[in-house]
1. Order these peptides, 321-333, 248-260, 345-357, by their mean beta-carbon neighbour count within 10 angstrom, highest first.
2. Cut-off under 17 Å on the C-alpha distance; same-chain residues fewer than 8 positions from residue 254 excluded. Which aspartates and glutamates are left, in chain and number order?
3. Fewest to most neighbouring Cβ within 10 Å: what's the order for 179, 113, 313, 237?
4. How many percent of DSSP beta bridges within region 84-190 run antiparallel, rounded to 5?
5. Tell me, what is the percent relative contact order of the chain, built from C-alpha pairs under 8 Å that lie six or more residues apart?
6. Could you work out the relative contact order of region 22-235? I mean the mean sequence separation of Cα pairs under 8 Å and 6+ apart, divided by the number of residues, in percent.
7. Arranged by the count of other C-beta atoms within 10 angstrom, fewest first, what order do 167, 77, 312 take?
8. Looking at region 94-183, which trypsin sites (Lys or Arg not before Pro) are in a loop (DSSP not H, G, I, E or B) and have at most 15 other Cβ atoms within 10 Å?
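Computed from the coordinates by the stated procedures, all read-outs in this text should not be read as laboratory data. All values derive from a computational prediction rather than experimental measurement. When we count neighbours, we look across all protein chains shown, and the Cβ atoms used for this are built from the backbone with ideal geometry, even at glycine.
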Amino acid sequence: MDKIIIEGGVPLSGRVAISGAKNAALPILAATLLAPGVHCLSNVPPLADIRTFKKVLGLMGVQFEDGGHEGPPHRHDALVVDTSRLTGWMAPYEVVKTMRAAVLVLGPLVARMQQASVSLPGGCAIGARPIDQHLKGLEAMGTKITLNQGYVEAKVRRLKGADITLDTPTVTGTENLLMAASLAQGVTRLHNAAQEPEVTDLARFLTAMGARIDGIGSDTLTITGVEALTPAPYRIMPDRIEAGTYLAAAAITKGSVTIAGAPVGALSAVLEKFHEAGVRYKITDDTITLEPAGSLTGVDVKTRPYPGFPTDMQAQFMAVMALARGASVITETIFENRFMHVSELNRLGADITVSGNQAVVRGKKQLLGAPVMATDLRASASLVVAALAAQGTTEVHRVYHLDRGYANLVDKLTGLGARLRRAPA
């Protein structure tokens, strides 16, 4: 198990390229199950979660080849996915327990194979995330759902369109039902749907394959089922959370950084809060250039479903607020247990107190390096962000979390002048 050793206090400088979005790539990989044939995907990020999801699909007979038919023959971000022949419809516990997103195969398998057996994902470090809305929607479309020794067993003769209102705008629930409805008989209306950009990216991929979807990007999706979908080449959107994390790293070190290939439109809420805090930047269609700023000012943040401030940026923003003037109040409304990074940030000298779903951050003039322990993906990122500005040496342990969501993090930060290295723990 590795650790990252960081010598802080260096302003970042230079240009960093943003990789494809993990949270778009995973549902898009699941959606390839809907259309038998060869799919050519590009901008696929080289992440541990992608490798795990490929194992899930491989258990069903899906085959993969790195590199696409277009461009360089072995382009590192291209992936050929062959779903011509499926030999199974099961996502076992051994895999689902390591990555909750594996539940995304449920909708496509029911749509194409008329059956699926998927392990219940259970909770995770940042809180319970049940799949009751997924099952409610599939049942409304005619699926018989049974729970058997920790597995969801789903069977249907033919999915039929239905009017479905989600209790909460669940992202994976919206994605599962969107995929299933694409091959259902008739019209499905999905109300209170999640509006996250990654959901929109999935919908665009489905329409490229021949799906008929109206209301893309809104909270009401109308899907007219078709008889069959066909493979289509597709480029996955850039990762807005990765871009936001480098934005935080540049801001906390008072650096001068250009973030290239960024999904600027999807970062509006994040950019607005950094602007309020005193961060100066210029934007184009796909770049964000930060300029060295003076003292930052504490601002309040409340996480919300898109287009609000994303919960996946809460920890990184909190790290920045730890060095801002005054106090800020950060309210977490999405997950009930997403302040586990607070105690570790305090080990670096931050002054953060938690009460219920609110954290009060009183800005300090300086952070000091110390050994810290990552608890989840975004907590890991917040510790790296804070360590980049801390005086002295910080060791971030359990960095395998970072491998799940950040491509080539150490190399990218080194390219911006950061002093860090990865080493065995």
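1. Numbers: 321-333: 20.5, 248-260: 24.4, 345-357: 16.8.
Result, highest mean Cβ count within 10 Å first: 248-260, 321-333, 345-357.
2. Partners found: 7, 276, 291.
3. Listed from fewest to most nearby Cβ atoms, that is 113, 237, 313, 179.
4. Taking every DSSP beta bridge within region 84-190, about 70 percent pair in antiparallel fashion.
5. So the answer I get is 21 percent.
6. The normalised contact order for region 22-235 reaches 20 percent.
7. 167, 77, 312
8. Qualifying residues, ordered by number: 97, 157, 158.
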